[in-house]
């Protein structure tokens, strides 16, 4: 795997590092690969997405989703706690997606389509759909239909228009459907080790596709429930399979420099300063429920997991660090091994539980809810008996069978939030925006916007100055289209 990562990065970097005109090609760079094979570019696209999700999205989401907070007397992420991020803060992650991940994915899609490598085409479409959903959920209206078309052969569009988020969602569902139509586990030309997520297992990619499509529809639950219900009901008409226990879509990393968890690599670059500590919001809730995951996901202080009040970085207090299991413990080398997770089994099971609780899909919502908890405990090395004890004895582990539909949704989303602690920060924050759960978030002590929460990312500074179709900056408190709370 390490060799594939290194080779893929080297090839794709070389491929897209030059834009010389033909009349300058007399000075061809011998280090620039021409028309590399898709098997050499695919791993780079996946690493691009892992870097995006494992660093910027993870940190931003985990702080605003109240898993982590700025370490006392440290300073790296104060602006996130102050709710005062400047537009330039988002330049890197925007560029990583549009100029790296999307460009590489487009290359894989076009090249694989030309060569009739249908499984590569399917994977590239699914990863584009996944990436675009993350981007539009962060920023709202973004370049979509004209994005990635800067080359002359693709139209030479250097100022892509911004599409409405509702239009983007329609496009993403169609993109997933087109990928599903291509998936064939018997295809003689599937990826293998160059697919760092599933190793070319197209049955797992089919489950990824179905789960992603379910998530796309579920995101519409509040803004357009009839459309969400119709779409999910249509999915239920076929014997559709979704990501299950042990089938998480993720990339594993190693202790080898260059192949380490990207968040840990970021911390190493910052001199291993521990800038991130446990938030009191999640820790107090876990401790109150006797949740064994607390000591797995955070270090202990005198045998106890201790959180800091959100944004209280000016007060010197002892606090727990995120554990190496999530890649955020700067002084634990095991953080290098932590995977970056895209879609997990517990996320998938909670989506199914919510769809069942709403009456949009057949199934036992309580059984799915409890299966998600069990999958989450096992994923972090805890015994199934710990999960069983939690379900039997805690508040948030008990499915409210006699409650209203809204009560059930509240428990499902709040428990999903616990499951995503430290490993799917952006998704957890996004689900909070969609549903309003958990409903016990606290305002940052050092908020510069008063008793308000951030609801979106700011458009990056680069868009303000480079894209003639830029529609104008938003405020952090402006909600995206599907967020009606």
In the stretch 446-459, is there at least one residue being part of a helix (DSSP H, G or I) and out of contact with any strand residue (DSSP E or B) (no Cβ under 8 Å at 6 or more places or on another chain)? no
Collect the residues in the stretch 273-290 that are under 24 Å from the mean Cα position of the chain (by Cα) and not in a helix (DSSP H, G or I), keeping them in residue-number order. 274, 275, 276, 277, 278, 279
If I ask for residues that are over 27 Å from residue 240 (Cα atoms) and assigned to a loop (DSSP other than H, G, I, E, B), which ones from the stretch 148-204 would you list? 148, 149, 150, 151, 155, 156, 157, 158, 159, 160, 161, 164
What is the one condition in (1) more than 17 Å from residue 322 (Cα to Cα); (2) surrounded by fewer than 19 Cβ atoms within 10 Å (Cβ to Cβ); (3) more than 21 Å from the chain's Cα centre (by Cα); (4) in contact (Cβ under 8 Å) with a residue 60 or more places away in the chain that residue 72 does not satisfy? (1)
Those residues of the stretch 420-436 which are surrounded by fewer than 24 Cβ atoms within 10 Å (Cβ to Cβ) and within 16 Å of residue 369 (Cβ to Cβ), in sequence order: 435
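Do you know which residues across the stretch 273-297 are within 23 Å of residue 388 (Cβ to Cβ) and touching a residue at least 40 places away in the same chain (Cβ under 8 Å)? Before you say what the answer is, go through the steps one by one.
First pass over the stretch 273-297, keeping only residues within 23 Å of residue 388 (Cβ to Cβ): 282-283, 285-297.
Once the filter is applied, which keeps residues that are within 23 Å of residue 388 (Cβ to Cβ) and touching a residue at least 40 places away in the same chain (Cβ under 8 Å), the stretch 273-297 yields 282, 285, 286, 288, 289, 290, 291, 292, 293, 296, 297.
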Looking at 483, 478 in this structure, which one is at pLDDT 95 or above, out of contact with any strand residue (DSSP E or B) (no Cβ under 8 Å at 6 or more places or on another chain) and surrounded by fewer than 16 Cβ atoms within 10 Å (Cβ to Cβ)? 478
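Would you pick out the residues in the stretch 74-91 that are in contact with a strand residue (DSSP E or B) (Cβ under 6 Å, 6 or more places away or on another chain) and either part of a loop (DSSP other than H, G, I, E, B) or closer than 17 Å to residue 52 by Cα (or both)? Step through it out loud before you land on a result.
Filtering the stretch 74-91 down to residues in contact with a strand residue (DSSP E or B) (Cβ under 6 Å, 6 or more places away or on another chain) leaves 77-78, 81.
77 - this is the single residue of the stretch 74-91 that is in contact with a strand residue (DSSP E or B) (Cβ under 6 Å, 6 or more places away or on another chain) and either part of a loop (DSSP other than H, G, I, E, B) or closer than 17 Å to residue 52 by Cα (or both).
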Where the second residue is at pLDDT below 95 and in a helix (DSSP H, G or I) and the first is more than 14 Å from residue 377 (Cα to Cα) and lies in the stretch 345-357, which pairs have Cβ atoms under 7 Å and are six or more apart or on separate chains? none
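Among the residues of the stretch 393-400, is any exposed (fewer than 14 other Cβ atoms within 10 Å of the Cβ), more than 21 Å from the chain's Cα centre (by Cα) and over 20 Å from residue 141 (Cα atoms)? Talk me through it step by step, then tell me what you get.
Taking the stretch 393-400 first, the residues exposed (fewer than 14 other Cβ atoms within 10 Å of the Cβ) are 393, 395.
Now drop any that are not more than 21 Å from the chain's Cα centre (by Cα), which leaves 393, 395.
Remaining after also requiring over 20 Å from residue 141 (Cα atoms): 393, 395.
Scanning the stretch 393-400, I find at least one residue that is exposed (fewer than 14 other Cβ atoms within 10 Å of the Cβ), more than 21 Å from the chain's Cα centre (by Cα) and over 20 Å from residue 141 (Cα atoms), so the answer is yes.
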Within the stretch 225-234, work out how many residues are touching a helix residue (DSSP H, G or I) at 6+ places or on another chain (Cβ under 8 Å), over 16 Å from residue 431 (Cβ atoms) and either crowded, with 17+ Cβ neighbours inside 10 Å or at pLDDT below 95 (or both). 2
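Please go through the stretch 330-341 and pick out each residue that is touching a strand residue (DSSP E or B) at 6+ places or on another chain (Cβ under 9 Å) and either crowded, with 24+ Cβ neighbours inside 10 Å or free of Cβ contacts under 8 Å to residues at least 60 places away in the same chain (or both).
Just the residues of the stretch 330-341 that are touching a strand residue (DSSP E or B) at 6+ places or on another chain (Cβ under 9 Å), to begin with: 330, 335, 339-341.
Matches in the stretch 330-341: 335, 340.
When residues of the stretch 261-271 are filtered for being in a loop (DSSP other than H, G, I, E, B), modelled with pLDDT of 95 or more and surrounded by fewer than 21 Cβ atoms within 10 Å (Cβ to Cβ), how many remain? Give the steps one after another, and end with the answer.
From the stretch 261-271, those in a loop (DSSP other than H, G, I, E, B) are 261, 270-271; that's our starting set.
Going one step further and asking which of them are modelled with pLDDT of 95 or more, we end up with 261.
From what's left, surrounded by fewer than 21 Cβ atoms within 10 Å (Cβ to Cβ): none.
Summing the residues that are in a loop (DSSP other than H, G, I, E, B), modelled with pLDDT of 95 or more and surrounded by fewer than 21 Cβ atoms within 10 Å (Cβ to Cβ) in the stretch 261-271 gives 0.
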In the stretch 338-362, what count of residues is obtained for those that are more than 18 Å from residue 213 (Cα to Cα) and modelled with pLDDT under 95? 0
Quick one: which of 199, 193 is closer than 22 Å to residue 115 by Cβ, touching a residue at least 24 places away in the same chain (Cβ under 8 Å) and surrounded by fewer than 17 Cβ atoms within 10 Å (Cβ to Cβ)? 193
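Hey, among 60, 48, which residue is out of contact with any strand residue (DSSP E or B) (no Cβ under 9 Å at 6 or more places or on another chain), closer than 17 Å to residue 277 by Cβ and either in contact (Cβ under 8 Å) with a residue 24 or more places away in the chain or not in a helix (DSSP H, G or I) (or both)? Let's see the steps before the verdict.
Working: 48 fails: closer than 17 Å to residue 277 by Cβ.
The match here is 60.
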Against the conditions (1) at pLDDT 95 or above; (2) closer than 18 Å to residue 343 by Cβ; (3) surrounded by fewer than 22 Cβ atoms within 10 Å (Cβ to Cβ), where does residue 214 fall short? Just the number, please. (3)
Which numbered condition in (1) part of a loop (DSSP other than H, G, I, E, B); (2) touching a helix residue (DSSP H, G or I) at 6+ places or on another chain (Cβ under 9 Å); (3) surrounded by fewer than 23 Cβ atoms within 10 Å (Cβ to Cβ) is the only one that residue 55 fails? (1)
Given 221, 255, which one is outside any helix (DSSP H, G or I), touching a helix residue (DSSP H, G or I) at 6+ places or on another chain (Cβ under 8 Å) and exposed (fewer than 15 other Cβ atoms within 10 Å of the Cβ)? 255
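The values are calculated or read from the model by the stated rules, or taken from the named source; none is laboratory data. Just so it is clear, the model here is predicted, and its values are computed rather than measured. FYI the Cβ positions are ideal-geometry reconstructions off the backbone, even for glycines, and counts take in every protein chain you see.
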